[in-house]
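Okay, structure first, notes after.
The values are calculated or read from the model by the stated rules, or taken from the named source; none is laboratory data. All values reported here derive from a predicted model rather than from experimental measurement. Here the Cβ positions follow ideal geometry from the backbone for every residue, glycine too, while neighbour counts run over all protein chains shown.
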Amino acid sequence: MKVKELRKQAELNGRALKPESLMMSYGFNPEWSENAIKCPIFQTSTFVFSKAEEGKAFFELAYGLRQADPGEEMGLIYSRLNNPSLEILEDRLTLWDGAEDAAAFASGMAAISTSLLALLKPGDVVLHAEPVYGGTDFFLKNVLPRFGITAESFSPTLPADELLARAEALGERLAVLYVETPANPTNHLVDLDACVAAARRAGSAERPCRVVVDNTFLGPVFQHPLKHGADLIIYSATKFLGGHSDLIAGAALGSKALMKEVRAMRTFMGTMCDPNTGWMLMRSLETLKLRMERAAHSAQIIADWLREHPQVTRTYYLGHLEHDAAQQDIYRRQCLSPGSMISFDIRGGEAEAFAFLNSLQLIKLAVSLGGTESLAEHPATMTHSDIEPATQREMGISSSMVRLSIGVEDPQDLMADLAQAFASVEIPAEAQYDAMI
C-alpha cells in the first residue's frame, strides 16, 4: 500500500489514531479480498507478473540494480522476498515504536543473527551489555568470532563516562553497540542515552557504530528505544507480540536505509517469517496492549508480595529500584511500566529452587515468556546454562534465582500457587538462621 494511503488510514478527522486502534485494519483494505474484515493468509510461494517487463522491473528493485522512480514500489515476486501477509504485519509493527520500516523473521534468534551479520564484517567489534539471553550470548561469543568479529562485554551498571571511554578506545572498529534492556534474567536496565552517545563518539559518517536494542522484555508498549536514538530494535516476537505460546517469530525495526541492509541479508539467508505465522501475529497484535497491561498489573501485586516473603532474599523487579538511584533514574527516563517479568532469589540454593519449581501447579515450569499463561524457570541451569558458572555469578545469576513471567491469570490465584510451592520447600538450617537474624 502506498505511503500516502497508509497515512490516511492512520488518521481520523485530522486526529492521529493510537496503535491499539490501528491494529484492527491498518495496511489492509477489505476490498482486496472479497470484503473480508480480516486479512487472509496469503499461503503462496510465488506471484504472477502481469507481463515480463513488470517482472524485470520488480527484480531490478529487489536486487538494487537501480533506484526506484518517484512513486514506484517493488511488487510481489516470491515469498522469500515479500508476501502480503508479512507486509501488512510489518506495517503494523512500525506503529508501536514509530519506526520507518520493519522486517519479520522466523524466530528471535533469526532476527538477531541476520541483523548483526548485515551490520558487521571481519575485523569489527561488538560491544554488548551483560547479561543477555543465552542464545544471544552464545552467538556473540562463539559464532561471530568464526567470521573474524570480536565481542566485548560491559556491565549494565557501568557509568556513562566509562562506557564512553571504552567506545572511544575501540574507535572505528566498534561497529555495533548491542544491549538487551531490561536484561534477561536480572532485569538490569541499560542507559540507552549513554549508549547512543558512546556509539556516536566512536563512529563516523563513513563507519557508523549502530546501537541495536533487544526490546523484548518491555516493548513495544512500555519502552521505545528509537526515541532515545537507537538505530535498530530487535524482538523475539514469540513473546509478547505473539503472546499465546503458539508460534515462533522475530522482528527488526529501524530506518528505511538500515532496514534495506537487514532485508537484503534476510532474503539471502532465508530467515523470513512464514505467511501463517505472520497472520497469527496480526491476530495477537490486536490484544497486545490489553495483555501487557493486565500482566504488568498482576506482576506489581505479586512482586510486592514476594519482596515480603520470608523465603525470598531478593527480588529483581523494575518496580523495586528504590535502593539504586542510578537504575531508578534510567527507569524514569526510558520505561513506561515495570512490565511483567520478575526474578527472585529463593532462600537456599539450586535444591530449594528446584523443589519450589517442581511444586508449582497453576504456573507452568517452562522457558519463554510474555504469554497469556504464567511461566517459571531456573536461569542458571536452563536459559543461561551455556554460560560458565563463574561468569553467571558476575552477571548476577545465582543458583537460587527463579524467573517468573506473569500472565493474565488472576493474581490472587497465582500467589496461592506460589505460596503452596514455598510451603513445600524445606529451608536449610543455615538459611533458617540467616532469616532469623
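Of everything in the range 307-327, what is of a type outside the set (A, V, I, L, M) and either in contact with a His (Cβ under 6 Å, 6 or more places away or on another chain) or surrounded by 15 or more Cβ atoms within 10 Å (Cβ to Cβ) (or both)? Give them in sequence order.
Across the range 307-327, the qualifying residues are 307, 309, 311, 313, 314, 315, 316, 317, 319, 320, 327.
Within the range 188-209, work out how many residues are under 23 Å from residue 159 (Cβ atoms), in a loop (DSSP other than H, G, I, E, B) and not acidic (Asp, Glu).
Count: 5.
Could you tell me whether the range 316-339 includes any residue that is of a type in the set (Asp, Glu) and either closer than 22 Å to residue 214 by Cβ or assigned to a helix (DSSP H, G or I) (or both)?
Taking every residue of the range 316-339 in turn, at least one turns out to be of a type in the set (Asp, Glu) and either closer than 22 Å to residue 214 by Cβ or assigned to a helix (DSSP H, G or I) (or both).
Answer yes or no as to whether residue 143 is outside any loop (DSSP other than H, G, I, E, B) and more than 24 Å from residue 276 (Cβ to Cβ).
Against the criterion (outside any loop (DSSP other than H, G, I, E, B) and more than 24 Å from residue 276 (Cβ to Cβ)), residue 143 qualifies.
Residue-wise test of (1) assigned to a loop (DSSP other than H, G, I, E, B); (2) not small (Gly, Ala, Ser).
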site: 28; (1), (2): yes, yes
site: 42; (1), (2): yes, yes
site: 64; (1), (2): yes, no
site: 68; (1), (2): yes, no
site: 71; (1), (2): yes, no
site: 76; (1), (2): yes, yes
site: 80; (1), (2): yes, yes
site: 96; (1), (2): no, yes
site: 99; (1), (2): yes, no
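Would you point out the residue of the range 332-383, among those that are among the acidic types (Asp, Glu) and surrounded by 18 or more Cβ atoms within 10 Å (Cβ to Cβ), that is nearest to the chain's Cα centre (by Cα)?
377
How many residues, within the range 264-273, are surrounded by fewer than 22 Cβ atoms within 10 Å (Cβ to Cβ) and under 19 Å from the mean Cα position of the chain (by Cα)?
0
For every residue, the table says whether it meets (1) assigned by TED's automatic domain parsing to the domain that holds residue 37; (2) within 30 Å of residue 289 (Cα to Cα); (3) under 18 Å from the mean Cα position of the chain (by Cα).
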residue: 72; (1), (2), (3): no, no, no
residue: 97; (1), (2), (3): yes, yes, yes
residue: 102; (1), (2), (3): yes, yes, yes
residue: 129; (1), (2), (3): yes, yes, yes
residue: 134; (1), (2), (3): yes, yes, yes
residue: 143; (1), (2), (3): yes, no, no
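Residue-wise test of (1) within 26 Å of residue 338 (Cβ to Cβ); (2) free of Cβ contacts under 8 Å to residues at least 12 places away in the same chain; (3) in a loop (DSSP other than H, G, I, E, B); (4) in the same structural domain as residue 105 (by TED's automatic domain parsing).
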residue	(1), (2), (3), (4)
222	yes, no, yes, yes
244	yes, no, yes, yes
253	yes, no, no, yes
257	no, yes, no, yes
268	no, yes, no, yes
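Is there a residue being among the acidic types (Asp, Glu) and surrounded by fewer than 24 Cβ atoms within 10 Å (Cβ to Cβ) anywhere in the range 200-210?
Yes.
It is to be established whether one or more residues within the range 51-69 are in contact with a helix residue (DSSP H, G or I) (Cβ under 7 Å, 6 or more places away or on another chain) and not assigned by TED's automatic domain parsing to the domain that holds residue 238.
Yes; the residues of the range 51-69 include at least one that is in contact with a helix residue (DSSP H, G or I) (Cβ under 7 Å, 6 or more places away or on another chain) and not assigned by TED's automatic domain parsing to the domain that holds residue 238.
Looking at the structure I just gave you, is residue 298 of a type in the set (S, T, N, Q) and either under 19 Å from the mean Cα position of the chain (by Cα) or at positive phi (or both)?
So residue 298 does not fit the description; no.
Go through (1) more than 13 Å from residue 93 (Cβ to Cβ); (2) of a type in the set (A, V, I, L, M); (3) not in a strand (DSSP E or B) and name the single condition residue 212 misses.
Of everything listed in (1) more than 13 Å from residue 93 (Cβ to Cβ); (2) of a type in the set (A, V, I, L, M); (3) not in a strand (DSSP E or B), residue 212 misses just condition (3).
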